[in-house]
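Q: My structure is below; once you've seen it, I'll send some questions.
The values are calculated or read from the model by the stated rules, or taken from the named source; none is laboratory data. Remember, predicted model here, so these are calculated numbers, not experimental data. When we count neighbours, we look across all protein chains shown, and the Cβ atoms used for this are built from the backbone with ideal geometry, even at glycine.
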């Protein structure tokens, strides 16, 4: 007599049971999808990536905490992957799951600690008042470009343009290069057919920045990283270029989606629509709720198992790829037993990661300043802004990695431009 193995049993991890990490449900209903995956497969789900490459998606909060707390067993060294022999040269996820890339993402041990400190110090050197002023100037300039028309798409005309402009400014990149960077970064992060071309453009832009700042240093993040990384045991310009690429990608798109997802919540949820023209405390609450319920970074690649082990009832082999299901872990019913966790500033979410490879705190602060300023400026300038389409018609980009809207069409009373910086 045979019985069906229970969820979480290694018998579920056969090739036929693996779940493709793709499909429309990542756009339409990821909360229900992650719930079903957890119910059918347990907290560690066998999945496949494009090209039918196997991996594990961690959907349990405790299991994800375990993975990110043990950098030796679950390493960031991508050379450990046991599937490199099956990866084609044009694999669209190479920008996200790279090999032999000298960036902080794949550095481990003491050198990673020093490298993270270099990034944190460079970002902490940004004057917070100057950062907010840049964000306000660019936000006002973007609002000026559509405020007289009475309608616009918040995603393409605002949220997708603002973060990269501010980051380019503080990193030392000329303002004129900002628009092209937006397209390249989006292509690189989405992991689709234009991913490698997008990565190449971002690399060329950051490479030119490094060369310019080596010749003439300035008061910017790139110059501070070059100065701090100098020395015989420091970090080469190539390593700093790679880290700036990571910082730009990780800083722009998730922040743009944080802006878009927050505005969607505030325009569609009665708890926030009543106070759009009122106190600003609702902006902070909406931003915090988004990080719990609609976090921009859904899944992250990844960690590699350094030796055979077990996790969440699964047998993982040395060299297996483990993907961090941040959104799924945030909704784990084992830790989300009370809806009050969404309020009162509770930040136990995993949206910024966890452990020594967690997003550096100064980078989190930078993203929060940009996102909050973007939302506040828009609501101040256009106090009667309203959604122009039914909320249920809003769609998401086709990506299991980052969750953001394809468009957020709105209407408002036309207002005169202020003459801000675009």
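Q: Determine if the range 179-200 includes at least one residue that is more than 23 Å from the chain's Cα centre (by Cα) and assigned to a helix (DSSP H, G or I).
A: no
Q: Regarding residue 291, is this residue out of contact with any helix residue (DSSP H, G or I) (no Cβ under 6 Å at 6 or more places or on another chain), at pLDDT 85 or above, over 30 Å from residue 384 (Cβ atoms) and crowded, with 21+ Cβ neighbours inside 10 Å?
A: no
Q: Take the conditions crowded, with 22+ Cβ neighbours inside 10 Å and either out of contact with any strand residue (DSSP E or B) (no Cβ under 8 Å at 6 or more places or on another chain) or part of a helix (DSSP H, G or I) (or both) and apply them to residue 211. Does it pass?
A: Considered against the rule, which asks whether it is crowded, with 22+ Cβ neighbours inside 10 Å and either out of contact with any strand residue (DSSP E or B) (no Cβ under 8 Å at 6 or more places or on another chain) or part of a helix (DSSP H, G or I) (or both), residue 211 comes out as no.
Q: Scan (1) modelled with pLDDT of 90 or more; (2) over 22 Å from residue 97 (Cα atoms); (3) assigned to a loop (DSSP other than H, G, I, E, B) for the single condition residue 319 breaks and write down its number.
A: Result: residue 319 passes all but (2).
Q: Moving on. Go through (1) under 20 Å from the mean Cα position of the chain (by Cα); (2) assigned to a loop (DSSP other than H, G, I, E, B) for residue 327 and report which single condition fails.
A: Condition (2) is where residue 327 drops out.
Q: Kindly evaluate residue 263 against the criterion of being buried (at least 24 other Cβ atoms within 10 Å of the Cβ), more than 29 Å from residue 203 (Cβ to Cβ), in contact with a strand residue (DSSP E or B) (Cβ under 9 Å, 6 or more places away or on another chain) and in contact (Cβ under 8 Å) with a residue 12 or more places away in the chain.
A: For residue 263, the condition - buried (at least 24 other Cβ atoms within 10 Å of the Cβ), more than 29 Å from residue 203 (Cβ to Cβ), in contact with a strand residue (DSSP E or B) (Cβ under 9 Å, 6 or more places away or on another chain) and in contact (Cβ under 8 Å) with a residue 12 or more places away in the chain - is met.
Q: Please state which one of 80, 57, 37, 49 is surrounded by 15 or more Cβ atoms within 10 Å (Cβ to Cβ), at pLDDT 90 or above and more than 23 Å from the chain's Cα centre (by Cα).
A: The unique qualifying residue is 80.
Q: If you go through the range 228-235 one residue at a time, do you hit one that is in contact (Cβ under 8 Å) with a residue 40 or more places away in the chain, surrounded by 21 or more Cβ atoms within 10 Å (Cβ to Cβ), part of a helix (DSSP H, G or I) and touching a helix residue (DSSP H, G or I) at 6+ places or on another chain (Cβ under 7 Å)? Spell out how you get there, then give the answer.
A: First, pick out the residues of the range 228-235 that are in contact (Cβ under 8 Å) with a residue 40 or more places away in the chain: 228-229, 235.
From the residues that got through so far, the ones that are surrounded by 21 or more Cβ atoms within 10 Å (Cβ to Cβ) too are 235.
Right, trim to part of a helix (DSSP H, G or I) and you get none.
No - not one qualifying residue is present in the range 228-235.
Condition check ((1) buried (at least 16 other Cβ atoms within 10 Å of the Cβ); (2) in contact (Cβ under 8 Å) with a residue 40 or more places away in the chain; (3) under 30 Å from residue 249 (Cβ atoms)) across all residues:
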position	(1), (2), (3)
378	yes, yes, yes
382	yes, yes, yes
385	yes, yes, yes
392	no, no, no
401	yes, yes, yes
406	no, yes, yes
419	no, yes, no
